[in-house]
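Notes follow the structure.
The values are calculated or read from the model by the stated rules, or taken from the named source; none is laboratory data. This is a predicted model, so every value here is computed, not measured. Positions of Cβ are generated from backbone atoms using ideal geometry, with glycine treated the same way; all protein chains shown enter the neighbour counts.
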Amino acid sequence: MSTGEEVLVARTGRCQQRYAENGQRLVAGCIPVRHGVGGALEVMLVSSGEKSRDKSKGWIFPKGGWEEDETAEQAATRESVEEAGVRGAVTQDLGVFEFSSKSGSDCIARIFVLEVSEVLDAWPEQDKRNRIWCPPSEAVSRCKHSWMQDAIRLWISSEGEAT
């Protein structure tokens, strides 16, 4: 884990938020992965709600708004730092997934795979989120959104692993 002195702050607001021509909010995210003990692949998930609230709300991978001043990949890696406190290299573009937000708005997500090289001890949303590492098949079952489960399954199939 890293204890660097860099101060990280999460972006807030939607003043630079990108939208598709039909009004769908554009978001980007990463599935953070690493080779754990014995070389087995692991996926990091983060809690979807406040730490102090009911943890049964479920687990997700980091994703958030894609803003005007960044590429989809930059937005996805930024969200990985903000929500999960991880850095690394994007190794795969899994494509686009459509979903409805908790408010009912239609969204389009561009999802990448992030090979994690650094796990930060301090990160912008550490007071809001828990994080866990788990095997890919467990990540599918823990993930609260079906579209996120589909994204993880797509990555698993590209790795040649069974769920």
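Of everything listed in (1) at pLDDT 95 or above; (2) part of a loop (DSSP other than H, G, I, E, B); (3) under 22 Å from Asp121 (Cα atoms), the single unmet condition for Leu45 is (2). Residues in the range 114-133 that are touching a strand residue (DSSP E or B) at 6+ places or on another chain (Cβ under 6 Å), surrounded by fewer than 17 Cβ atoms within 10 Å (Cβ to Cβ) and modelled with pLDDT of 95 or more: Glu115, Ser117, Glu118, Ile132. Filtering the range 113-148 to residues that are under 17 Å from Val27 (Cα atoms) and in contact with a Ser or Thr (Cβ under 8 Å, 6 or more places away or on another chain) leaves Val113, Leu114.
Checked against the criterion of being surrounded by fewer than 19 Cβ atoms within 10 Å (Cβ to Cβ), over 25 Å from Arg18 (Cβ atoms) and small (Gly, Ala, Ser), the range 95-110 contains not a single residue that satisfies it.
For the range 79-95, the count of residues that are more than 15 Å from the chain's Cα centre (by Cα) and either of a type in the set (Ser, Thr, Tyr) or at pLDDT 95 or above (or both) is zero.
Out of Ala89, Ala40, Ala84, report the one residue that is among the small types (Gly, Ala, Ser) and more than 22 Å from Ala122 (Cβ to Cβ).
On inspection, the qualifying residue turns out to be Ala40.
Is it the case that the range 68-88 has a residue that's small (Gly, Ala, Ser), over 24 Å from Ser146 (Cβ atoms) and surrounded by 12 or more Cβ atoms within 10 Å (Cβ to Cβ)? Yes, the range 68-88 has at least one match.
Suppose the filter is within 16 Å of Gly29 (Cα to Cα), touching a Gly at 6+ places or on another chain (Cβ under 6 Å) and modelled with pLDDT under 95; does Lys63 pass it? Walk me through it before giving the result.
On the way: within 16 Å of Gly29 (Cα to Cα): yes; touching a Gly at 6+ places or on another chain (Cβ under 6 Å): yes; modelled with pLDDT under 95: no.
Judged against the criteria, Lys63 is not a match.
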